[in-house]
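Notes to accompany the following structure.
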């Protein structure tokens, strides 16, 4: 006797469709987990790494600044202290910086992309190394504040201009939007201290607005923002809005006399 089985083909097609859907769901979950891990690495882990390295950089710089001078082999005076290497971290400010230090001679220009100073923002609790240049990999991604090539050195006439990440890689400038007129921006270089006072902010401008880091800073996009006459300025720049690089947020200050 022959037995006729009906509907087998339909059940087979359903089973095949279920298998495809299950595989697609597994792939979606796997991709989601990978993306989540990448986000965690970018947002959380890079911050931890950069913060730890930046703090160590500041400690190394401060040790170097407080180390006694050693007589040179060919003279009786102190040896020339070599420029700091590209390392510096976060710790207590040098106790030797007395009032009036901001009136000292300007800091000398460092070589290459080495860390050579420390920026302190008391209102935000920020202590971050300053390095020469604004290259992402060599400077900014290390959690440093990068000094724009061609702008003034700390304490000098002109504009001492710095860039820093707002998100990821230590994000030292994440909350500079909270700075207000009168807040201090302290720059330490080899035991010399330069204290700047926040005067103005520009909440948003284009990434090509080079006027904000000019010797007399004034926005070319929003010319109502900036300064009119020569002086000793500091500029902090970072990306805005958060987690984008569409525009730039700018904070300006002037050297305290």
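Select, from 106, 94, the only residue that is at pLDDT below 80, surrounded by 12 or more Cβ atoms within 10 Å (Cβ to Cβ), over 19 Å from the mean Cα position of the chain (by Cα) and assigned to a loop (DSSP other than H, G, I, E, B).
94
Scanning the range 224-247 for residues being within 21 Å of the chain's Cα centre (by Cα) and under 15 Å from residue 214 (Cα atoms) gives a total of 5. In the range 10-52, how many residues are within 24 Å of the chain's Cα centre (by Cα), modelled with pLDDT of 70 or more and more than 15 Å from residue 171 (Cβ to Cβ)? The total comes to 0.
Within the range 132-181, the set of residues being in contact with a helix residue (DSSP H, G or I) (Cβ under 8 Å, 6 or more places away or on another chain) and within 21 Å of residue 232 (Cβ to Cβ) comprises 134, 146, 148, 151, 155, 159, 161, 163, 164. Within the bounds of the range 126-144, is there any residue that is within 22 Å of residue 226 (Cα to Cα), assigned to a helix (DSSP H, G or I), in contact with a strand residue (DSSP E or B) (Cβ under 7 Å, 6 or more places away or on another chain) and at pLDDT 95 or above? The answer is no, given that none of the residues of the range 126-144 is within 22 Å of residue 226 (Cα to Cα), assigned to a helix (DSSP H, G or I), in contact with a strand residue (DSSP E or B) (Cβ under 7 Å, 6 or more places away or on another chain) and at pLDDT 95 or above.
All conditions in (1) within 18 Å of the chain's Cα centre (by Cα); (2) at pLDDT below 75 hold for residue 56, with the sole exception of (2). Over 16 Å from the mean Cα position of the chain (by Cα) and over 15 Å from residue 148 (Cα atoms): does that describe residue 208? When the stated conditions are applied, residue 208 does not pass them.
The values are calculated or read from the model by the stated rules, or taken from the named source; none is laboratory data. Computed from a prediction, not measured in an experiment: that's the story for all the values here. Cβ coordinates were reconstructed from backbone atoms using ideal geometry, including for glycine residues, and neighbour counts include every protein chain displayed.
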